[in-house]
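**Student:** Got a structure for you, questions after.
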Amino acid sequence: MYHEKLYRIAYDQNQQLNTLVSIEDVTQKGKSLGIYRDEVLRTYLNLLRLELISTEGVELSLKDKYILRLEETIAYLREHQEILKNLNNRDEVAYSLATFTADQGGLGNLANEILVLLTVGNLQAIYDKSFVIKKDIDKFLEQSEALLSPEIERASFETNRSLDSAKLKLDSFWVDVIRRGQGNWYLSKIYDDLPKTMNPIYVNLSQSISYLNELLNL
Amino acid sequence: MNSRNIHTEVSQTEFVDQAQLLEADSGKKFKWQDLKNNKNLRPFYVLIGLFFFVVFIFVLRLLMQAPPEQPKEFERAEELVELSPLNKRVYDLREELKEHNPTRQRLPFPQVDLEFNIY
């Protein structure tokens, strides 16, 4: 933010004065801001990359594809930063900044797509754990012969139904993403409405976990 | 000559003549003996007496009043509920779900200008 302010001041001064000093100043400030921008984006994308690797629920083909894209972008940023550091000519700096805009204009969309994947991946991971816990509860109830009780049997059935409903929604989402999300920023468009889109799955999972808890306390 | 002029042309020395009369009135001293003999003041004495009596009762009541009881501090009864392993797993899962509420975004894209240039 600080470097951006300095750049803005230098840019405005150059627009008004257009002296040699102001031209030199805006060149230096622009170059400096470009270097810092590369640094910020590299750090941010690296965080996203680590988060994506550690999130279990993301569909594997999508996960690999986006990790690769992140790594390519990080490498581009590193290279761009190194080049920019060694530039002194005004036209070269301007060209480098323009190239960045042309190459990485969709960086925000890429980040948004990964954020959507992380959100759904986390919900998928919670579903997977819920499913495993339900199996373990069933085993426990079988051992204690509690499943013979019609009340517990009905509760178990309702829990299964709630979990199946969550699974259906998650599966439908992944299928849709794989089918439609081929380089048209489909996921990025979902990001703008993410809470609303994900709310039914979240509510479904929340209900399933409440059922699991009730089932154990019956 | 109109009435306004008549007033403005009154001699100022007239006030000096009247001054003796005024001094005679204000010089009359207040005497308690006169009040004692005045029977019309009895209701006033009764009112004063009542006022002091009420003040006395009020002060007495304040002094007799027991100090206010300190509100009892709620004793924290820390009840340690031991969860079974399955209950614990369900509890942890609920916490995890809360943490991943889709309305919260932990890593939003930083506010950087991707399009700035020096020209």
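**Student:** Could you say which residue among A:135, A:129 is in a helix (DSSP H, G or I), free of Cβ contacts under 8 Å to residues at least 24 places away in the same chain and facing chain B (nearest Cβ under 7 Å)?
**Tutor:** Matching residue, one of A:135, A:129: A:129.
**Student:** Now a separate question. For the stretch A:59-111: of the residues being within 14 Å of chain B (Cβ to nearest Cβ) and among the charged types (D, E, K, R), which is surrounded by the fewest Cβ atoms within 10 Å (Cβ to Cβ)?
**Tutor:** A:91
**Student:** Based on what the data block shows, is residue B:14 at pLDDT below 80, in a helix (DSSP H, G or I) and either away from chain A (no Cβ under 14 Å) or more than 30 Å from residue A:7 (Cα to Cα) (or both)?
**Tutor:** So residue B:14 fits the description; yes.
**Student:** Taking the condition outside any helix (DSSP H, G or I), farther than 19 Å from residue A:188 by Cβ and among the hydrophobic types (A, V, I, L, M, F, W, C), does residue A:87 pass?
**Tutor:** Yes.
**Student:** Please find, among A:160, A:184, A:217, A:213, the residue that is out of contact with any Leu (no Cβ under 9 Å at 6 or more places or on another chain) and closer than 23 Å to residue A:63 by Cα.
**Tutor:** Of A:160, A:184, A:217, A:213, the one residue that is out of contact with any Leu (no Cβ under 9 Å at 6 or more places or on another chain) and closer than 23 Å to residue A:63 by Cα is A:184.
**Student:** Looking at the stretch A:129-156 only, could you name the residues that are aromatic (Phe, Trp, Tyr) and either exposed (fewer than 11 other Cβ atoms within 10 Å of the Cβ) or more than 12 Å from residue A:216 (Cα to Cα) (or both)?
**Tutor:** If the condition is that a residue be aromatic (Phe, Trp, Tyr) and either exposed (fewer than 11 other Cβ atoms within 10 Å of the Cβ) or more than 12 Å from residue A:216 (Cα to Cα) (or both), then A:131 is the only one that fits.
**Student:** Shifting gears a bit: Among A:56, A:39, which is loosely packed, with under 15 Cβ neighbours inside 10 Å, within 12 Å of chain B (Cβ to nearest Cβ), part of a loop (DSSP other than H, G, I, E, B) and not aromatic (Phe, Trp, Tyr)?
**Tutor:** Checking each option against the conditions leaves just A:56.
**Student:** Oh, and also: Need a quick list: helices (runs of 4 or more DSSP H) entirely within the stretch A:147-218 having at least 2 residues that are touching a Lys or Arg at 6+ places or on another chain (Cβ under 7 Å).
**Tutor:** Filter on the stretch A:147-218 gives A:150-180, A:194-217.
The values are calculated or read from the model by the stated rules, or taken from the named source; none is laboratory data. The shown structure was predicted, so the numbers you read here are calculated from the model rather than taken from an experiment. No Cβ is skipped: glycine too gets one built from the backbone with ideal geometry, and neighbour counts run over all protein chains shown.
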